[in-house]
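A short worksheet on the structure shown next.
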Amino acid sequence: MDLRYSLAALACLLTVCAQAQTSVSRYRVTRLEPPSSLTTGCQADYATNASITTINDFGVVNGIVTCYSNVDLEANSYQLKSMTFVVAPWFGAVELPLSAPGMSYSYTVTNRGELFGYEAPSDTGGFYGIKWSLAGGHERIFFDPACENIQFSAAVDGNGRYTVGWGLRGDPALPPPVDQLCIAQHWLIRAPDGVESVGPLYGLPYSMNALGVAVGSSSRSAVRYTVPTGELRVLHAADSAHSAEGTHINDFGEATGRISTNQSSDFASTCDPSVAVRWERDGREQLLPHLPGAVSSRGHAVGYDGETVGDSGAGGYCLFADYGTERAVLWKGGRAFDLTSLIPRGERITLTYAYSVNRRGQITAGGFDNTEPMSACVSSTYDPETGTSTLVTSPCRHTHMYVLSPVGR
């Protein structure tokens, strides 16, 4: 036998074996419902979006419900309501309190039972960073009196000592007195003694681990920032054609995020198509594959067994009301798995994104019920000739929250 063909056959067999060793779990599905108080007043003819964010190691999750409280197409107006809540195995779903009526959002729930986000009061406007607790605590943080009425800030994550968030503050690159205006987006840091300070400029944090290492963006680059020391490390530098951001870091120092291809005139990476990426603790970068047929992907979280979760699909993140073309993804061993294929078919659901994973391997995911009728979403069309905008409706889906638990764990 020709030695070359023997070696080729051996290489093929080794590849098959390597792929076979990339074992992934199958999952059972639990659907979570928001508190009924938050869906009261939602317009029945329009879509309600219940979106799940993080899950801690005790199975506590936080989520947001958004719906249309009023739609008047003839008057060319509509109103949305958006509120955050927490779901715990021992007390069910509970609405998080506000200082005043308005909207709210929570990014994270930690193992300490603390939640971080913002509230937007209807009477004053702006965003106010909030720290909630499962014990009923509610505290505004990152409030800067120097910003007068321009209060835009949010708390994103905490580890019991430090809290990170973002907000509008002065821009030192501008000449005085304009440099004092709150118009530039900064990372915000709250130290254990309660003192608040600014961190990296022109960006925001997304996640911080137990050691105080955070990931996010700064000047359109993906960065890792050690909060106690102020050390900044660029994970992926932006250029004229690309932006990058880190979206999650675990306690091992492994991180994920995405690299975007800039298409927006203002380089707004959040809307543009991208490729998911994973960074090892030493900073080594691995591009993660799209699902077959997809043109974009985003990494949202890394777990503790080599897994990364996110979504992959058409990549029109800010263009469409219905994200039915996106699919939730589990990456493991360099391969992309459609999470919908890893749950029982009898569930009759389609998972469109996966947002977090805990130490038990539980994944938070969003999606829709295949048997549920389509609903309607509202969008605005602009006519450049008349300079007017008109509201239109388009088909879209109600979305729901799911927790995926590995079978056998």
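Details
- If only residues of region 28-57 that are touching a strand residue (DSSP E or B) at 6+ places or on another chain (Cβ under 8 Å) and without any contact (Cβ under 8 Å) to a residue 60 or more places away in the chain are counted, the one that is nearest to GLY117 (Cα to Cα) is LEU38.
- Within the option set ASP239, ASP251, being among the acidic types (Asp, Glu), under 22 Å from SER106 (Cβ atoms), in a loop (DSSP other than H, G, I, E, B) and within 24 Å of the chain's Cα centre (by Cα) holds for one residue only, ASP251.
- Within region 319-345, residues that are part of a loop (DSSP other than H, G, I, E, B) and surrounded by 20 or more Cβ atoms within 10 Å (Cβ to Cβ) reach partners that are modelled with pLDDT of 95 or more and not small (Gly, Ala, Ser) with beta carbons closer than 7 Å, at six or more positions or on different chains, in the pairs TYR323/THR352; GLU326/ASP311; GLU326/THR352; GLU326/TYR353; ILE343/TYR27; ILE343/VAL29; ILE343/LEU404.
- Output for region 110-165, where each listed residue is farther than 23 Å from SER217 by Cα, part of a strand (DSSP E or B) and not small (Gly, Ala, Ser): GLU114, PRO121, TRP132, HIS138, GLU139, ARG140
- Here region 31-41 is the region considered, the condition is being at pLDDT 95 or above and part of a loop (DSSP other than H, G, I, E, B), and the residue that is nearest to ARG348 (Cα to Cα) is GLU33.
- For region 122-131, the count of residues that are of a type in the set (Val, Ile, Thr) and modelled with pLDDT under 95 is at least one.
- Number of the condition not met by LEU174 [criteria: (1) among the hydrophobic types (A, V, I, L, M, F, W, C); (2) at pLDDT below 95; (3) in contact with a strand residue (DSSP E or B) (Cβ under 6 Å, 6 or more places away or on another chain); (4) more than 25 Å from THR364 (Cβ to Cβ)]: (3)
- ARG169 falls short on exactly one of the conditions (1) surrounded by fewer than 20 Cβ atoms within 10 Å (Cβ to Cβ); (2) at pLDDT below 95; (3) touching a strand residue (DSSP E or B) at 6+ places or on another chain (Cβ under 9 Å); (4) not aromatic (Phe, Trp, Tyr), and that condition is (1).
The values are calculated or read from the model by the stated rules, or taken from the named source; none is laboratory data. The structure presented is a predicted model; accordingly, all values stated were derived computationally and were not measured. All Cβ positions, even for glycine, are placed from backbone atoms using ideal geometry, and neighbour counts span all protein chains on display.
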